[in-house]
Amino acid sequence: MLNDVWLFLSKGTLGASSSMHDSVFASIFRCPMKIFDVTPTGRILNRFSRDLDEIDVRLPLTMQLFLDNIWVVLASILNVCIVFPWFLIALVPLGIMFALVNIFFRHIIRELKRFDNVRRSPWFSHVTASIQGLSTIHAYHKNSDVMATFTTLMDKNNAAFLMYHFSTRWLAVRLDTVSLSINVLAALMVVVFQGQIPPSWDGLALSYAIQTSGLLQLTVRMASETESRFTCVERITHYADNLEQEVPEHIKESDPAENWPDQGVVQFDRYQMRYRESLPLVLKDVQCNIRPRESVRIVGRTGSGKSSLGVVLFRLVEPTDGTILIDGVDISKIGLQSLRSKLSIIPQDPVLFVGTVRYNLDPFNQYHDPELWRALERTYMKDAISGLEKQLEAPVVENGKNFSVGERQLICMARALLRNSKVILLDEATAAIDSETDSLIQKTIHEAFTDCTMLTIAHRLNTVLNSDRIMVMEDGKLVEFDPPAVLMSDPNSRFSAMMAAAGSDVNKYLTNNPLPDVEESRRRRGYEVVDY
Ligand SMILES: Nc1ncnc2c1ncn2[C@@H]1O[C@H](COP(=O)(O)OP(=O)(O)OP(=O)(O)O)[C@@H](O)[C@H]1O
Ligand SMILES: [Mg+2]
């Protein structure tokens, strides 16, 4: 029977903690980007490591100890009371003393536990940030500074933990005094009622009273520890229930047809965006029509809002004003999954996940091997991958560090090709890419993505001339949007000024690759020029 109760309790607590994990996980995954911008990583890690560990392991353990012992303590006191009914009178002041100690210090212990929970987050954040910036720390010989911050944060965290720990011990000592009084009273009664009660009963009462002394203290301590550990449940449920969430993944009434977008027309209509309410506008009144299957290069100074165009296309941030239409559908009205599953992005710092090459190309196991190889072939990665010992099953380490940045972009491009998206956004890596990989990337853009609307955020000016149109961003505004030949022919255009500043590299490129005739190049790409 008792075993069944514990089995039920274990199953119940495990079930509760895993459902709490699932709900907080789902809630974090559905948070808008701004939450991650303002929340230190340590705070989130703390929820998923220490708080969940408390709920998984420590909380059930303390709760079990409390439930185990409370019955023994109550039964022991009842035994003493049956043997010496006068003991009931003594129980009144003892009970009051016990209640006072418990009421006052329970609150303190609970608050100290909250303090301990909160103090852990900065320490977690520091460890994660240090790991991420390890090479910079070594390069600037900042090891001792980082270690000093580490130990300070650790001390602060330990101080909070020790205060919590000592306070439970403080309570234990006071409670021991109460339970010792029970022993003394029981012994006194044995002496006072000598001869009136059989010695065997005396012995029974005394042995139960002695047993109570240790257990009472432990039981009460476990009760207050159980309560204080529930602050972790409070922290988890706060995240699960109160975090701001993105709009639903699918909206039945407004979701577009399955084959949307079949053209790849992207229209920005007086689009404005700021990352958070308190920040200035990052995109200001962007107005443009991008035609189907057009190859557009986006250029501009650093911080001019190029990557932000990609951010808004995926609705990682919602508009402040204006709309974006893809094939005539207002993307702010449709479900997020319906939108994001139809676009592909190859980010500035492409990320590969720990696993295999296959997992990174096809995480949901949707394609056959020949399709994967075909995609790799079209992105010029076939030779590199087939040269690896395990080919598609070759391991990918954390952040894909066993591939160069360029190779990572090419693998991301292969993934985009497999998805067969009509609109693709490529944020060229700012990190140094060797010229061979760079030319492979450029070749892939020209050959593999001819059937898509390709928006490329370009950081190297010599690569932008080979596109249909160039978008020049300046301080969040779209200031020029024309074919390269048109922009280059106007000596006052910002683009010409940028090219002039780029100097000899561009001249060399232009000598070897004269600017294509715009209309001719479009005709070669096999579509009619339609103005939207
Ligand atoms: N997550 C963010 N939260 C707040 N502001 C941001 C965020 N990301 C970018 N910004 C700001 O938005 C502006 C535009 O940034 P964006 O990343 O779009 O520039 P960029 O043109 O891509 O620059 P780069 O060429 O360096 O990649 C910058 O002023 C930047 O500080
Ligand atoms: Mg950028």
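Tell me yes or no: at least one residue of segment 330-337 is closer than 30 Å to V405 by Cα and either out of contact with any Phe, Trp or Tyr (no Cβ under 7 Å at 6 or more places or on another chain) or open to solvent by 20 Å² or more (accessible area, probe 1.4 Å) (or both). Explain how you work it out, then say what you get.
Restricting attention to segment 330-337, the residues satisfying the condition of being closer than 30 Å to V405 by Cα are 336-337.
From the residues that got through so far, the ones that are either out of contact with any Phe, Trp or Tyr (no Cβ under 7 Å at 6 or more places or on another chain) or open to solvent by 20 Å² or more (accessible area, probe 1.4 Å) (or both) too are 336-337.
Yes: one or more hits.
Working carefully through the options L279, L215, find the one that is outside any strand (DSSP E or B), within 30 Å of V173 (Cβ to Cβ), open to solvent by less than 70 Å² (accessible area, probe 1.4 Å) and among the aliphatic types (A, V, I, L, M). Lay out the reasoning, then the answer.
Values: L279 fails: within 30 Å of V173 (Cβ to Cβ).
Only one candidate qualifies: L215.
With the condition kept exactly as written, say whether any residue in segment 433-454 is within 16 Å of ligand 1 (Cβ to nearest atom), of a type outside the set (V, I, T), closer than 15 Å to I346 by Cα and in contact (Cβ under 8 Å) with a residue 60 or more places away in the chain.
Pass one, segment 433-454, residues within 16 Å of ligand 1 (Cβ to nearest atom): 433.
Of the ones still in play, those that are also of a type outside the set (V, I, T) are none.
Scanning segment 433-454, I find no residue that is within 16 Å of ligand 1 (Cβ to nearest atom), of a type outside the set (V, I, T), closer than 15 Å to I346 by Cα and in contact (Cβ under 8 Å) with a residue 60 or more places away in the chain, so the answer is no.
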Take the residues of segment 401-428 that are outside any strand (DSSP E or B) and of a type in the set (D, E, K, R): which is nearest to L461 (Cα to Cα)? E428
Quick test for you: out of V405, V317, V311, pick the one residue that is among the hydrophobic types (A, V, I, L, M, F, W, C) and modelled with pLDDT under 90. V405
Go through the residues of segment 86-106 one by one and say whether even a single one is modelled with pLDDT of 85 or more, out of contact with any Ser or Thr (no Cβ under 6 Å at 6 or more places or on another chain) and not hydrophobic (A, V, I, L, M, F, W, C). no
Matching residues in segment 401-419 - criterion: being small (G, A, S) and closer than 23 Å to S341 by Cα: A414, A416
Checked pairs for segment 455-468, first farther than 22 Å from K422 by Cα, second outside any loop (DSSP other than H, G, I, E, B) and within 12 Å of ligand 1 (Cβ to nearest atom), C-beta under 8 Å and 6 or more apart or across chains, list as L461/V299
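Condition first: within 16 Å of ligand 2 (Cβ to nearest atom), open to solvent by 50 Å² or more (accessible area, probe 1.4 Å) and more than 27 Å from Q217 (Cα to Cα). Can you find one or more residues in segment 47-66 that meet it? Show your work before the answer.
We begin by selecting, within segment 47-66, every residue within 16 Å of ligand 2 (Cβ to nearest atom); these are none.
Checked segment 47-66: no residue is within 16 Å of ligand 2 (Cβ to nearest atom), open to solvent by 50 Å² or more (accessible area, probe 1.4 Å) and more than 27 Å from Q217 (Cα to Cα).
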Please find, within segment 433-472, the residue that is modelled with the highest pLDDT out of those that are open to solvent by 10 Å² or more (accessible area, probe 1.4 Å) and within 16 Å of ligand 2 (Cβ to nearest atom). H459
Which condition from (1) under 20 Å from L88 (Cβ atoms); (2) open to solvent by 70 Å² or more (accessible area, probe 1.4 Å); (3) in a helix (DSSP H, G or I) is the one that A205 breaks? (2)
Which count do you get for residues in segment 453-498 that are in a helix (DSSP H, G or I) and of a type in the set (A, V, I, L, M)? 7
Wholly enclosed helices (runs of 4 or more DSSP H) of segment 288-400 bearing at least 2 residues away from ligand 1 (no atom under 16 Å from the Cβ) and assigned by TED's automatic domain parsing to the domain that holds N466: 336-340, 357-361, 369-378, 382-386
Residue set I210, I182; condition closer than 30 Å to I82 by Cβ, in a helix (DSSP H, G or I) and modelled with pLDDT under 85; output residue I182
Quick one: which of V57, V73 is assigned by TED's automatic domain parsing to the domain that holds V190 and either touching a Leu at 6+ places or on another chain (Cβ under 9 Å) or under 29 Å from V317 (Cβ atoms) (or both)? V73
Please specify each residue of segment 266-299 satisfying the condition of being within 15 Å of G310 (Cα to Cα) and either without any contact (Cβ under 8 Å) to a residue 12 or more places away in the chain or within 16 Å of ligand 2 (Cβ to nearest atom) (or both). M273, Y275, V282, L283, V286, V296, R297, I298, V299
Taking E258 as meeting all but one of (1) assigned by TED's automatic domain parsing to the domain that holds F104; (2) open to solvent by 60 Å² or more (accessible area, probe 1.4 Å), write down the number of the exception. (1)
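The values are calculated or read from the model by the stated rules, or taken from the named source; none is laboratory data. Predicted model, so just to flag it, every value in this text is computed and none were measured. Here the Cβ is made from the backbone with ideal geometry for all residues, glycine too, and neighbour counts use every protein chain on show. Please note that ligands, DNA and RNA were not included when accessible areas were found on the heavy atoms of the full protein model with its side chains. Shrake-Rupley method; radii C 1.70, N 1.55, O 1.52, S 1.80 Å.
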